[in-house]
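Below: the structure, in structure tokens.
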Amino acid sequence: MRLGSAVGRCAAVALVSALLVGCTSSQSSSTVVKIGVELPLSGGDAANGIPTDNGVKLAVEEANKKAPAGFSFAVDDLDDAVQGAHDPAQGAQNTKNFISDSAVLAMIGPFNSNVAKAEIPLTNDAELTQISPSNTNPGLTLGDDAKKLRTSHPDVNNYFRVCTTDDKQGAAGAQFARKLGLKKAFIVDDNETYGKGLADVFEAAFKKAGGTVLGHEHLTKNQQDFKALLTKAHSLGPDFIYYGGTTVTGGGLLRKQMADAGMASVPYVGGDGISDPDFLKQAGSMANGSYYTVAAPETSKLASAKDFVAAYKAKFKSDVGPYSANAYTAAMIEIAAIEKAIQANGNKLPARLDVLKAVAATKDFASPIGQVGFDANGDTTAPILSIYKISGGKAQFLDQLNLKT
Amino acid sequence: MQAGRYSTYALLALVLIFPLLDRNNSHVDFLVNAGAFILLALGLNIVVGFAGLLDLGYAAFFAIGSYSYAMLASPQFGIHVPFWVMLFFAASIAALFGILLGAPTLRLRGDYLAIVTLGFGEIVPQTFLNLGQWTNGPNGISSLDRPSAPGFLLGAPDWKLHLFGLNDATPYYYVTLALIALGVLLASNLQNSRLGRAWMAIREDELAARHVGINTTVTKLSAFALGASFSGLAGVVYSAKLNLVSPDEFQFSVSILVLSMLVLGGMGNIWGVIVGSFLLSFVNGFLLPQSTNLAHAVGLNLDFTNYRFFLYGAILVGMMLFRPEGLIPSRQRRAELRVALADAGVAAQEQTEYEGPPRT
Amino acid sequence: MDILLQQLVNGLSLGGIYALIALGYTMVYGIIELINFAHGDVYTLGTFFSLAVLLGLGVTGEVHGLTLVWVVLLTVVAAMLLCGVVGVLIERFAYRRLRNAPRLAPLITAIGVSFILENAMQLWRGPSPVAFPAVIPNPTLHLGGVEIAAKQILVIVLAVVMMAGLQLFIHRTRMGKAMRATAQDRDAAQLMGININTTIALTFLIGSALAGAAGFVSGVYYQSTWFFNGFEAGLKGFTAAVLGGIGNVAGAMLGGFLIGLVEAFATQFIPQGAQWTNVVVFSVLVLVLVFRPSGLLGEALPEKV
């Protein structure tokens, strides 16, 4: 019967895959404690995801050199990119995988804020520690939106982040623009969670700081030609253009095409979405005269980061990514908390809640990104913002803002 | 023959008790997602497989089903229609949109119809994204209502209503299984009904069908409506489990993925479609990532998940060239599609042999 | 008024690219009634090939004088040739077997080919946008209050020239006549002694070569390329071909310019228009296909029984 032969084929495939699954699980004599890493590791986001993953791997490798007796640490990294871009459903599935695996005591990730929205309810339910190196959307920890994500255990906060949130980044951008004497802004964003969120915060903060917003438009996905939009902006006479979004979604091309629209000398201000080297390539000579904020410290300026950068380069033979240091720090915090919990538990595998409590109590933790601690909401107690200007074809560090609350 | 039937029963039994065997929640979660895509494939099968209307924008209906649930069963507007009622509502809303979006295509030939549906497939998600006031734009709508059921069905020792757990996909698994069973029943009954034969007629030769007295308008619109209703169901289950709906989940790649499932499994054949859908979900969700892990483990820097689109493309091209009727074909479809590869004369002979109602 | 004129220029130059893509679409559809989904990706391939040639020649910025002339010629010819070959290969291996199949089959195959090409390009240059050298100097002309970049003029002129060239070819040469005959009635043309396979292969060659040229122009104009460009550009190119009247070469050019203008004016006049451009363009597609499927310059073809 035709269906039967198909059944036979399905069974064969299932068997092969079971073997594959079996082959990739590891065995060791000591108790393995896993750190789950949930990042986009393929497709367009991989350029960010992989260096971030590497940060965690470096931390785990160093921790294993001095792990408590009878224990070792391992990284379990899962990819949340499907069809080449981060996917909330895949992120949720990966998270469930970590939750089902009793060896996973803490999790790092995700990279993107909208994936976090799918994951936080799950990790909250399981009381699993989750630290993100790069989620900047304020709604994940503040306000009603955050409460809605924590329905299982509303008074337990299990989600933390080591990066500064967009409400601070957008506000800092606005202050900086005003400091430069710029009064009239035309805002463009890429209509994605990060970009639109940042742009909205910037708009509110800029107005509050006494500026005028002439217009706020959103790009269409995969758009390549911005001349019509720039003509529209030019006709309103802005002092500068603020871009909320990333290089890939149009930040670089938008800047470049400003020259053709008669706005070659109009400054361009953005967030960490345009902090990558691709922006310089995409914008060409127009990159000069752009400013951007980054929700992380400049690693070359921190003494504490020098060792990390050197070790990273030695192990991975490539430069650090913008969030590698954040991921490394997050992993260090989790490992320290796990070690503390192991000790408190009489050298036995601790419960996830114990690890969570230890992480939540983190204060003044020395790391490559400075002294890190978490407030009651899970946000970092030492938010740092760096401001850069591009001139002479290179990014120049201008200023660092320590926005201790 | 006997072995075939026993292995089928064994497989069905395995499917029924799988969540009790495998305690890893992410596996059950994966199966529920695969099940939602099986529902989508069954729905598209009605439009493309039964009625021969190439719909390249099916993800639009998936979006409509998901957003209906998100807007009517969440804190977004404060409306909280129960999950079980939403299944009917969303299916109906999607069916309505099936009619609305299908209406402009009535007078169009095959390829133009495909392009218009593709256009709608782009318009609908972009509109959901842009109408931020209602849909929260790129942030999507989160904290969707979870379904609830009497306790004893969820493993609790009482009859009170409990919410489905966040980290337990098992209840969703059984709901999806039930919906698939319902879908299969509906689809096979439709296939063997007058409407089903009308679909077959317009699929083979629309002009002739019209001249024989078939109301092509009603026939086509019902194909769109019924096909879309399946995606309404899939949308509700998928979003409820994910607890969130986000506009970037409904890109063109989803429409193509579902179409590839159909082409792989066998257009027009219900069981073929189910097998094709599951196979592709499996390859996508397990085989590719695990192969990548294996490659990394032996030191190769290959990433098979980057070849995903290559795989879809190869399936579409390969199947159309060599086995257009799919892995599990229906005899009828094989005869129709193989005309291209045979002599004109032989094909004419094949087509005059009518074998009665098509069997799945 | 100035804004209107400026947006007119913007729209025409954007539309010029669509027009170039539409020319290839309309040719292929006219002859075998197949929407060659992969056409948009051949266009992107043209940009990738051009990039490879330019990088091979060591061009990273603007070039001037005589060097400019032969660099451009070399790159364009190479891109057109390579794309033409790709087009012929696609026709030969993916579409030829399905010439007599129900319409569904070659359409699905075309989608498959499109995906394969996109993935190949992603593996070639990565998933992120890639910078493309400027090549041609781009002085800006100031006419009244309107700024026109030299490249914008280039695109518009090229679209018109290509269209004219194609018209000449189709109406004044023997091969062109063979194409028209095949488009009109394939079996009769065969009976008249026309080699259908060669004619169709030539159509794909020319159509894909045009896409290659469009790819070069696009690379030079935007100075950036991305493996996924072809999907949208192709879709809009097809919209343009349909708007103008599928099978009609002048219509393809007209349709291209019109779509570009629609986008530019939608951005300018719709509040927050930049996010609605795709919705507007695809709505135009739907409306045209529903109310006037023959397009602006096409003739209503009776359905042959």
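Below are the figures for this structure:
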quantity: One residue from A:Thr129, A:Thr141 being of a type in the set (Ser, Thr, Tyr), touching a residue at least 40 places away in the same chain (Cβ under 8 Å) and more than 25 Å from B:Ala169 (Cα to Cα); calculated: A:Thr141
quantity: Any chance A:Ser42 is surrounded by fewer than 20 Cβ atoms within 10 Å (Cβ to Cβ) and either among the hydroxyl-bearing types (Ser, Thr, Tyr) or over 17 Å from A:Asn326 (Cβ atoms) (or both); calculated: no
quantity: Residues (surrounded by fewer than 18 Cβ atoms within 10 Å (Cβ to Cβ) and either under 30 Å from A:Phe240 (Cβ atoms) or free of Cβ contacts under 8 Å to residues at least 12 places away in the same chain (or both)) located in region A:299-308; calculated: A:Ser300, A:Lys301, A:Ala303, A:Lys306
quantity: Residue tally, condition closer than 22 Å to A:Lys148 by Cα and assigned to a helix (DSSP H, G or I), over region B:129-140; calculated: 8
quantity: Among the candidates A:Asn64, A:Asn54, A:Asn97, A:Asn48, residue that is touching a Gly at 6+ places or on another chain (Cβ under 9 Å), part of a helix (DSSP H, G or I) and over 24 Å from A:Cys163 (Cβ atoms); calculated: A:Asn97
quantity: Residue identified as more than 14 Å from chain B (Cβ to nearest Cβ) and at pLDDT below 90 among A:Thr193, A:Thr212, A:Thr165; calculated: A:Thr165
quantity: Output for region B:13-44, where each listed residue is under 15 Å from B:Val254 (Cα atoms) and not small (Gly, Ala, Ser); calculated: B:Asn33, B:Phe37, B:Ile38, B:Leu39, B:Leu40, B:Leu42, B:Leu44
quantity: Residue, surrounded by the fewest Cβ atoms within 10 Å (Cβ to Cβ), within region C:216-245, restricted to residues that are among the hydroxyl-bearing types (Ser, Thr, Tyr) and within 15 Å of C:Ser13 (Cβ to Cβ); calculated: C:Tyr222
quantity: The listed residue being over 27 Å from B:Asn306 (Cα atoms) and either at the interface with chain B (Cβ under 7 Å from one of its Cβ atoms) or not in a helix (DSSP H, G or I) (or both), out of A:Asn157, A:Asn114, A:Asn124; calculated: A:Asn157
quantity: One residue from C:Asn138, C:Asn195, C:Asn229 being more than 13 Å from the chain's Cα centre (by Cα), under 26 Å from C:Ile90 (Cα atoms) and not β-branched (Val, Ile, Thr); calculated: C:Asn195
quantity: Condition check for B:Leu280: surrounded by 23 or more Cβ atoms within 10 Å (Cβ to Cβ), in a helix (DSSP H, G or I) and not basic (Lys, Arg); calculated: yes
quantity: Residue within region A:101-123 that is more than 24 Å from A:Gly373 (Cα to Cα) and free of Cβ contacts under 8 Å to residues at least 24 places away in the same chain present; calculated: yes
quantity: Residue that is over 19 Å from the mean Cα position of the chain (by Cα) and either within 13 Å of another protein chain (Cβ to nearest Cβ) or more than 24 Å from A:Asn114 (Cβ to Cβ) (or both), where the choices are B:Leu129, B:Leu96; calculated: B:Leu129
quantity: Residues (within 21 Å of C:Ala250 (Cα to Cα) and surrounded by fewer than 24 Cβ atoms within 10 Å (Cβ to Cβ)) located in region C:32-56; calculated: C:Ile32, C:Glu33, C:Leu34
quantity: Near pairs, Cβ below 7 angstrom, 6+ apart or cross-chain, from region A:366-388 (touching a residue at least 60 places away in the same chain (Cβ under 8 Å)) to any residue that is surrounded by 16 or more Cβ atoms within 10 Å (Cβ to Cβ) and of a type in the set (D, E, K, R); calculated: A:Gly378/A:Arg161; A:Asp379/A:Arg161; A:Thr380/A:Arg161; A:Pro383/A:Lys168; A:Leu385/A:Lys168; A:Ser386/A:Glu298
quantity: Some residue of region C:9-23 being touching a Leu at 6+ places or on another chain (Cβ under 7 Å), over 29 Å from C:Thr109 (Cα atoms) and surrounded by fewer than 22 Cβ atoms within 10 Å (Cβ to Cβ); calculated: no
quantity: Checking A:Cys23 against (1) surrounded by fewer than 14 Cβ atoms within 10 Å (Cβ to Cβ); (2) modelled with pLDDT of 90 or more, the condition it does not meet; calculated: (2)
quantity: Checking B:Arg23 against (1) modelled with pLDDT under 95; (2) within 14 Å of chain A (Cβ to nearest Cβ); (3) assigned to a helix (DSSP H, G or I), the condition it does not meet; calculated: (3)
quantity: Test: A:Gly262 is on the phi > 0 side of the Ramachandran plot and within 12 Å of another protein chain (Cβ to nearest Cβ); calculated: yes
quantity: Condition check for A:Lys389: over 21 Å from the mean Cα position of the chain (by Cα) and either modelled with pLDDT of 90 or more or within 23 Å of A:Asp144 (Cα to Cα) (or both); calculated: yes
quantity: Test: residue in region C:7-30 that is outside any helix (DSSP H, G or I), away from chain A (no Cβ under 14 Å), over 12 Å from the mean Cα position of the chain (by Cα) and touching a residue at least 12 places away in the same chain (Cβ under 8 Å); calculated: no
quantity: Residue check for A:Asp145: among the charged types (D, E, K, R), at pLDDT 90 or above and surrounded by fewer than 24 Cβ atoms within 10 Å (Cβ to Cβ); calculated: no
quantity: Test: residue in region A:129-140 that is away from every other protein chain (no Cβ under 11 Å), out of contact with any Lys or Arg (no Cβ under 9 Å at 6 or more places or on another chain) and at pLDDT below 90; calculated: no
quantity: Extreme residue, farthest from C:Leu154 (Cα to Cα), among residues of region C:106-129 that are in contact with a Phe, Trp or Tyr (Cβ under 7 Å, 6 or more places away or on another chain), surrounded by fewer than 22 Cβ atoms within 10 Å (Cβ to Cβ) and more than 10 Å from chain B (Cβ to nearest Cβ); calculated: C:Trp124
quantity: Residues of region A:183-214 that turn out to be buried (at least 19 other Cβ atoms within 10 Å of the Cβ) and in a loop (DSSP other than H, G, I, E, B), as a count; calculated: 4
quantity: Among (1) more than 23 Å from B:Arg334 (Cα to Cα); (2) crowded, with 24+ Cβ neighbours inside 10 Å; (3) polar (S, T, N, Q); (4) within 14 Å of another protein chain (Cβ to nearest Cβ), the one test that B:Ser260 misses; calculated: (1)
quantity: Residue list for region B:141-190, restricted to those being under 15 Å from A:Leu122 (Cβ atoms) and part of a strand (DSSP E or B); calculated: B:Ser142, B:Leu163
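The values are calculated or read from the model by the stated rules, or taken from the named source; none is laboratory data. Remember, it's a predicted structure, so these values are computed and weren't measured experimentally. Cβ atoms come from the backbone with ideal geometry, glycine included; neighbour counts cover every protein chain shown.
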